[in-house]
Amino acid sequence: MARKRKGRDVSGWLVVDKPAGITSTAVVNKVRWALEAKKAGHAGTLDPEATGVLAVALGEATKTVPYITDALKAYVFTVRLGQATNTDDAEGEVIATSDLRPDDDAIKAALGRFVGDIMQVPPQFSAVKIDGQRAYKKARDGAEMELAARPLWVEELLLVDRPDPDHVILEMTCGKGGYVRAIARDLGEALDCKAHVKSLRRIWSGPFQADDGITLDQVEALAGTPELDAHLQALEVGLSDLPEVRCLAESVAKLRNGNPASVIASNVEYGEEVWASYEGKAIAVGTYRGGEMQPARVFVG
């Protein structure tokens, strides 16, 4: 007989403004502890030294994680010119240097080649699996790997500031699976000046904004209190990129049991992925088929 997981049946999203110096997994564990939640996960890892939006899903909201993971995200990051590191960030060892410092016009011109559908080779120190092992573990052992390039959609990449000749501040909006460190590395190669990420902040992820986030210190201070619960956002927020259809009372049980049921929809295409609501609450996610929805993922009320 399976053991029952201890904790509360709490569902929703808690947006944490992640500090530097802690892993995303550690943040999730802290949130789960503070809310005494049975189940928690996050929508998109941030490197330990990165800051900003870490959207933590709790309970039934964990079923909406893929829709936030797939959503666009935006980062502001500082690039250090003149130095390449083995980790492509400031935590690594400097492995190459250059005295060249491109001007702003040259940098802006180079940024264009990293916009749109691009192919990107992940950093050697990354969570990509090679022969069943994380690349960063192999890299720590001194191994050099041929990592396959991966597709990435970059919506926008802008130069927003140039505080001094050695540093540029960029803002990027992109799809899932992107490595900001690889953008900095490849920009340095394109400009023949070497580069790495000095600091990185995720300012928004899908519907979640860093400005709306709670700090980890606040999470700890409010642990076990109603005040922390008040910071939770509804699980439905995680479905904001999907069209909403509404179901009648008699359709609720059918959908939750995994059966097709009638829904009310407008401006929804046949075969489109949608989420069904009843009195504003998510019932299921599935496929719209001309007046009916076939559920693929259901939410416990």
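Key figures
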{"quantity": "Projected label distance in nm at D70 and A148, using a 7 Å step from Cα toward the beta-carbon", "calculated": "2.1"}
{"quantity": "HN-Hα J in Hz across region 78-91 - Karplus 6.51, -1.76, 1.60, θ = phi - 60°, x for Gly and Pro", "calculated": "9, 9, 8, 7, x, 9, 9, 10, 6, 9, 6, 9, 6, 7"}
{"quantity": "Around K194: net Lys/Arg minus Asp/Glu count, Cβ-Cβ under 14 Å", "calculated": "-3"}
{"quantity": "Contact order normalised by residue count of region 1-107, Cα under 8 Å, 6+ apart, percent", "calculated": "24"}
{"quantity": "Residue-normalised accessible area of the chain, expressed per residue, 1.4 Å probe, Å²", "calculated": "51"}
{"quantity": "Fraction of accessible area attributable to carbon and sulfur, region 28-124 (%, probe 1.4 Å)", "calculated": "49"}
{"quantity": "Estimated FRET transfer efficiency (D103, Q218; beta-carbon r; R0 51 Å; 0.05)", "calculated": "0.75"}
{"quantity": "For W153, solvent-accessible area (1.4 Å; no DNA, RNA or ligand), Å²", "calculated": "110"}
{"quantity": "Mean residue ellipticity (222 nm) of the chain, computed from DSSP H runs ≥ 4 via -39,500 (n - 2.57), nearest 500", "calculated": "-5000 deg cm²/dmol"}
{"quantity": "Lys, Arg +1 and Asp, Glu -1 on Cβ, resulting dipole of region 19-78 about Cα centre, debye, nearest 20", "calculated": "200"}
{"quantity": "Charge context of L235, other residues only, Cβ under 11 angstrom, K/R +1, D/E -1", "calculated": "0"}
{"quantity": "Greater than 20 Å apart at Cα, pairs in K39/K176; K6/K39; K38/K73", "calculated": "K39/K176; K38/K73"}
{"quantity": "Relative contact order (percent, whole number), the chain, Cα cutoff 8 Å, 6+ residue spacing", "calculated": "21"}
{"quantity": "Solvent-accessible area, 1.4 Å probe, carbon plus sulfur percent, for region 151-225", "calculated": "47"}
{"quantity": "In sequence order, calculated HN-Hα J values of region 188-202 (Karplus, 6.51, -1.76, 1.60; Hz; x Gly/Pro)", "calculated": "x, 5, 5, 8, 6, 10, 6, 6, 8, 7, 8, 8, 8, 9, 8"}
{"quantity": "Computed magnitude of the charge dipole of the chain (debye, nearest 20; Cβ of K, R +1, Cβ of D, E -1)", "calculated": "1520"}
{"quantity": "FRET efficiency estimate (nearest 0.05) - Cβ-Cβ, Q294 to L248, R0 25 angstrom", "calculated": "0.90"}
{"quantity": "Around Y270: net Lys/Arg minus Asp/Glu count, Cβ-Cβ under 13 Å", "calculated": "-3"}
{"quantity": "DSSP bridge pairs, the chain: antiparallel proportion in percent, nearest 5", "calculated": "85"}
{"quantity": "Fully extended contour minus Cα-Cα distance, from L158 to M119, at 0.36 nm per residue", "calculated": "12.2 nm"}
{"quantity": "For V15, distant residues with modelled amide H under 5 Å away", "calculated": "V56, I214, Q233"}
{"quantity": "Other-chain or far-sequence residues with amide H under 5 Å of T87's (modelled H)", "calculated": "G92, E93"}
{"quantity": "In Hz, Karplus ³J(HN,Hα) per residue of region 20-36 (6.51, -1.76, 1.60; θ = phi - 60°; x = Gly, Pro)", "calculated": "6, x, 9, 7, 4, 4, 5, 5, 4, 4, 5, 5, 4, 5, 5, 9, 6"}
{"quantity": "Prolate/oblate/rounded call for region 1-127, Cα gyration tensor, a/c under 1.5 rounded", "calculated": "prolate"}
{"quantity": "FRET efficiency, I22 to I203 (Cβ-Cβ, R0 22 Å, nearest 0.05)", "calculated": "0.75"}
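The values are calculated or read from the model by the stated rules, or taken from the named source; none is laboratory data. Every value quoted in this text rests on a predicted model; they were computed, and no experiment measured them. Cβ sites come from the backbone with ideal geometry, for glycine too, and all protein chains shown count toward neighbours. Keep in mind that these areas ignore ligands, DNA and RNA; they rest on the heavy atoms of the full protein, side chains included. Shrake-Rupley method; radii C 1.70, N 1.55, O 1.52, S 1.80 Å.
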